[in-house]
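Engineer: I'd like to ask some things about the structure below.
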């Protein structure tokens with residue numbers, strides 16, 4: 001794609017958390033209606049819906065999410081399609097919405113992401129279906145175990161420290177304190193990270209994003225429609241997706257090639273480089289993931305991601321604020337919703353509407369990872 | 001979309017059946033590689049992959065199908081995305097592949113559909129996740145039960161007969177005899193349909209498409225790329241999708257509004273009407289579904305679909321041949337694969353490569369239904 005032909009003109013999100021009293025379509029609807037109201041468009045103007053979710057079948061015994069949300073929203077008969085790419089489902093759904101507009105198929109598209117994860121006691125088992133069933137999950141590997149392998153390899157090869165990992169969690173928890181939609185509102189210390197239960201060495205419970213329910217949505221518009229409805233569009237400068245092997249044993253565990261590739265494609269689309277990005281929403285499903293992503297997107301030399309965090313450069317007042325609203329670690333990680341939650345958060349900052357957590361800058365990058373890096377979607381937004 | 005900007009330049013399908021010795025990625029790969037070989041393109045020319053499947057999570061404990069197939073095909077790092085729309089997943093995936101080309105994002109796209117259904121003993125329960133979990137499946141409604149309600153209502157309102165339903169099954173079984181990839185190779189009589197076990201009155205076992213494993217795939221190309229690789233492209237004249245309520249109680253059970261709407265959109269895109277269609281692949285998951293679809297797509301006046309079949313007009317030699325390769329009833333219905341299997345079959349006939357089951361004509365329509373009609377995708381192809 002070429003940039004700036006599609007704009008985000010509306011954003012909405014539910015609170016993230018353990019929302020036992022809310023159903024999955026309820027959550028999708030709340031986020032979608034908020035985004036439509038925020039855009040100030042009549043519902044009849046929506047040409048198409050995309051919904052990202054990882055595993056509604058296993059989580060709540062309901063597939064066919066696309067038609068379901070069009071039905072509950074009273075928006076039939078427009079096309080409504082579910083996109084699945086594990087934890088990158090939200091980012092992948094966003095890309096399909098963008099392609100529909102670029103194709104001339106639609107002028108206005110609602111893209112939502114949702115997951116309802118806390119109705120089951122087997123979230124870890126369900127999440128493992130994003131890894132390779134034949135080579136990983138069947139052998140008992142959980143996602144935390146796979147990320148622990150990546151963390152250990154990175155520590156071994158580059159000297160990344162346990163303290164740097166903890167710092168990622170500490171910072172994102174602190175950022176989430178100012179985000180009313182975040183799942184976790186609790187400042188933590190590096191000591192508390194180490195005192196939390198060890199899940200898979202070297203990762204402790206507080207290295208892991210929590211299992212959450214929630215939804216987030218955006219309204220996308222063609223350039224022409226965007227001008228009709230808003231004076232403050234947030235432009236999609238780039239949306240790029242890349243894939244890699246599902247199984248970790250087939251690749252270098254200290255980098256995610258799909259992040260490198262999606263980043264390269266996104267930078268090319270936008271005509272920008274890492275130095276042009278003012279803040280980023282990175283996929284910190286685990287503390288190590290944020291460090292890998294900083295490196296693989298070119299924000300730090302390979303092996304130096306941990307140092308960037310340790311030196312405070314990713315703080316809100318730093319050179320490159322990362323996850324100013326708390327990231328996955330603080331906001332929670334309803335897997336299908338995360339890619340959209342990141343875009344909603346970035347758009348909020350670009351508009352200057354992020355309140356106490358506001359960071360400056362007119363160009364933002366969001367990165368959404370599926371599995372242990374087999375799908376990565378990178379989006380670049382600008383005012 | 002406007003028609004004739006995207007072409008089908010390669011087709012491939014696995015045999016459909018109970019393929020216990022084959023894995024889901026194996027099946028996808030076989031169909032995809034056949035389609036790529038048929039197109040005569042090097043694998044490196046593929047820009048993007050889409051995969052349609054309904055419920056790999058519940059059927060085989062594997063989500064993240066997009067990256068998985070790119071991985072197994074050795075086609076990383078190109079984007080590879082799973083589309084889910086219940087039994088219309090294949091048709092919906094095809095549409096996303098078309099949009100990617102129309103958007104200028106890709107020149108050559110592989111779209112596959114796959115399902116591995118016979119590794120579980122709970123296929124009926126898993127299929128029910130395509131219906132409304134809150135209003136239908138939780139109350140015990142299976143898909144056969146929902147389609148039986150539609151059949152009974154149609155018989156009551158329009159006088160459709162039990163014999164007309166049987167005739168749909170008899171004809172599709174007969175057509176499948178000449179299709180080497182079909183799951184069922186067995187001629188049946190109307191008496192045998194009635195002697196088969198009653199599943200949900202008035203539907204008997206032989207009114208229902210079988211539970212199957214299988215995959216089908218196509219290679220799509222932009223007009224320019226198509227001209228580079230083939231002298232006999234099959235053009236996509238239209239691809240349209242529509243949605244309706246998931247639950248049957250919210251709508252008239254004797255018609256599928258999403259079929260009507262998707263058909264209307266497709267005819268408009270192609271600049272054609274029902275009389276211009278020379279043969280059709282209709283979604284006969286149940287015998288009643290083929291009758292409804294004949295009416296809702298304008299091939300018969302409302303209420304007269306059964307008569308069209310009874311009078312032999314949908315036979316291979318009839319006015320409008322329907323499912324000349326056996327349809328879902330004869331070929332089997334690996335749900336995510338069906339929408340692509342229909343397009344592969346239609347393209348084969350349009351090229352004149354369908355052997356003993358060949359029907360004449362340069363314009364074909366395929367219709368792929370999700371759930372009891374909540375998602376419908378209609379594709380029109382022409383030489």
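Engineer: Top mean-square fluctuation among B:275, B:174, B:356, Gaussian network model of chain B, C-alpha springs under 10 Å?
Structural biologist: B:275
Engineer: For the stretch A:138-233, what is Rg from Cα atoms divided by 2.2 N^0.38 Å, rounded to two decimals?
Structural biologist: Ratio of Rg to 2.2 N^0.38 Å for the stretch A:138-233: 1.52.
Engineer: Which of B:197, B:324, B:25 ends up with the largest GNM mean-square fluctuation for chain B, with Cα atoms connected below 10 Å?
Structural biologist: It is B:197.
Engineer: Rank these for me by crowding, A:158, A:50, going from fewest to most other beta carbons within 10 Å.
Structural biologist: Placing the least packed residue first, the sequence is A:158, A:50.
Engineer: May I pose another question? With the crude spin-label approximation of a point 7 Å out along Cα→Cβ, what separation in nm comes out for residue B:120 versus residue A:224?
Structural biologist: Calculated label separation equals 4.5 nm.
Engineer: Quick one: if the Förster radius is 60 Å, what FRET efficiency do residue A:156 and residue B:4 give, using the C-beta to C-beta distance and rounding to 0.05?
Structural biologist: 0.60
Engineer: Taking neighbour counts of Cβ atoms within 10 Å as a proxy for exposure, in what order, fewest first, do A:161, B:254 appear?
Structural biologist: Ranking A:161, B:254 by Cβ neighbours within 10 Å, fewest first, gives A:161, B:254.
Engineer: Order B:286-293, A:217-224 from most to least packed using the mean count of other Cβ atoms within 10 Å. Mind dumping the intermediate values first?
Structural biologist: Values: B:286-293: 29.0, A:217-224: 24.8.
Packing proxy ranking, top to bottom: B:286-293, A:217-224.
Engineer: Once the Cα atoms of the stretch B:203-256 are picked out, what are the Rg and Dmax in Å?
Structural biologist: Rg then Dmax for the stretch B:203-256, in Å: 19.0, 50.
Engineer: Just subtract the alpha-carbon distance of residue B:138 and residue B:177 from 0.36 nm times their residue separation and send over the number in nm, one decimal. Show your work: numbers first, answer last.
Structural biologist: Numbers: separation 39, 0.36 × 39 = 14.04 nm, distance 3.83 nm.
Contour length minus the Cα-Cα distance gives 10.2 nm.
Engineer: With the radius of gyration and the Kirkwood radius both derived from the Cα set of the stretch A:199-341, what is their ratio Rg to Rh?
Structural biologist: 0.98
Engineer: Averaged over A:367-373, how many beta carbons belonging to a partner chain fall within 10 Å of each residue's beta carbon?
Structural biologist: Mean number of neighbouring Cβ atoms from other chains: 1.
Engineer: Sorted by packing (mean other beta-carbon atoms within 10 Å per residue), highest first, where do B:36-45, A:175-184, B:65-74, A:83-92 land?
Structural biologist: On the way: B:36-45: 15.9, A:175-184: 21.7, B:65-74: 25.6, A:83-92: 34.0.
The densest-packed peptide leads the list: A:83-92, B:65-74, A:175-184, B:36-45.
Engineer: Per residue, what volume in Å³ does the convex hull of the Cα atoms of chain A enclose? Write out the running numbers ahead of the final one.
Structural biologist: On the way: hull volume 44.7 nm³, N = 383.
Taking only Cα atoms, chain A has a hull volume of 117 Å³ per residue.
Engineer: Then there is this: Over all alpha-carbon pairs of the protein assembly as shown, lay out the pair-distance distribution in 10 Å bins, whole %, shortest bin first.
Structural biologist: 3, 16, 27, 25, 17, 8, 3, 1, 0
Engineer: Also, quick follow-up: Considering just Cα atoms, how many Å³ per residue does the convex hull of the stretch A:15-85 enclose?
Structural biologist: Per-residue hull volume (Cα only) is 100 Å³.
Engineer: Can you give the relative contact order of chain B as a percent, counting alpha carbon pairs under 8 Å and 6+ residues apart?
Structural biologist: Taking the mean separation of contacting Cα pairs over the length of chain B, I get 27 percent.
Engineer: How shielded is B:81-92 by partner chains, expressed as the average number of their Cβ atoms within 10 Å of its Cβ atoms?
Structural biologist: 6
Engineer: Would you mind calculating the relative contact order of the stretch B:104-246 from Cα pairs under 8 angstrom and at least 6 residues apart, reporting the percent as a whole number?
Structural biologist: 37 percent.
Engineer: What does the copy distance list look like for residue A:302, label position 7 Å along Cα→Cβ, in nm and ordered from shortest?
Structural biologist: 6.6
Engineer: Another question, if that's okay. Could you please rank A:16, A:59, placing first whichever residue has the fewest other Cβ atoms within 10 Å of its Cβ?
Structural biologist: Listing A:16, A:59 from fewest to most nearby Cβ atoms yields A:59, A:16.
Engineer: While we're here: In peptide B:19-28, what is the residue-averaged number of other protein chain Cβ atoms found within 10 Å of each Cβ?
Structural biologist: Going residue by residue through B:19-28 and averaging, the value is 1.
Engineer: Provide, for q = 0.11, 0.23, 0.25, 0.28 Å⁻¹, the log10 of I(q)/I(0) from a solvent-free Debye sum over equal Cα point scatterers in the stretch B:312-383.
Structural biologist: Taking Cα atoms of the stretch B:312-383 as identical point scatterers yields -0.26, -1.11, -1.26, -1.43.
Engineer: Find the percent of Cα-Cα distances in the stretch A:1-138 that exceed 27 Å, and round it to a whole number.
Structural biologist: 22 percent
Engineer: Pairwise over distinct Cα atoms, reciprocal of the mean inverse distance: report the Kirkwood radius of the stretch A:85-201 in Å, one decimal place.
Structural biologist: Answer for the stretch A:85-201: a Kirkwood hydrodynamic radius of 17.7 Å.
Engineer: Taking the label point 7 Å from Cα in the Cβ direction, how far apart in nm is residue A:383 from each other copy of itself, listed shortest first?
Structural biologist: Shortest to longest, the spacings are 6.0 nm.
Engineer: Continuing with the same structure: Taking a ≥ b ≥ c as the square roots of the Cα gyration tensor eigenvalues, with a/c under 1.5 meaning rounded and otherwise prolate when a/b beats b/c, else oblate, which class fits the stretch B:238-311?
Structural biologist: Oblate shape, in that a/c is at least 1.5 and b/c is the bigger or equal ratio.
Engineer: May I ask you to report, in nm to one decimal and beginning with the shortest, the distances from residue A:43 to the same position in the other copies, taking label points 7 Å along Cα-to-Cβ?
Structural biologist: Here the equivalent label points are 4.7 nm apart from this one.
Bear in mind these aren't lab numbers, they're just calculated from the coordinates by the rules spelled out. This one's a predicted model, so the numbers in the text were calculated from it and none came from an experiment. Here the Cβ is made from the backbone with ideal geometry for all residues, glycine too, and neighbour counts use every protein chain on show.
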